[in-house]
Amino acid sequence: MTVNGLREAFPGWSIWRSSAGRLWATRNGRLTNEDYNRGLCQTIDGDDVAQLAQELRRQAALAGALPDGEAQCPAAWDTSR
């Protein structure tokens, strides 16, 4: 998969490559505190396309599957505090 492929597969995210070569994705919409408590993240990153795709799939699964409190967003990305 390519970066453009990720953009097509995950239209709810803005995906880009930093000047350091790392891939980032930020949700197009804002999350609520409840979303953060469910483990959703506003922004995620990956070393490469495969790693970012894995994290995007994990976020998609969390968005629809986990009950409150079962997972947490890495503290570095939790902007609700």
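Annotations
- Considering residues of segment 53-63 that are surrounded by fewer than 16 Cβ atoms within 10 Å (Cβ to Cβ) and among the hydrophobic types (A, V, I, L, M, F, W, C) only, the residue nearest to W16 (Cα to Cα): A60
- The residue of segment 1-52 that is surrounded by the fewest Cβ atoms within 10 Å (Cβ to Cβ), among those that are of a type in the set (S, T, Y) and closer than 13 Å to A63 by Cβ, is T32.
The numbers here are math on the coordinates, done by the rules we state, and not lab data. Everything numeric here is computed off the predicted structure, so don't read it as measured data. Glycine gets a Cβ as well: all are built from the backbone with ideal geometry, and neighbour counts include every protein chain shown.
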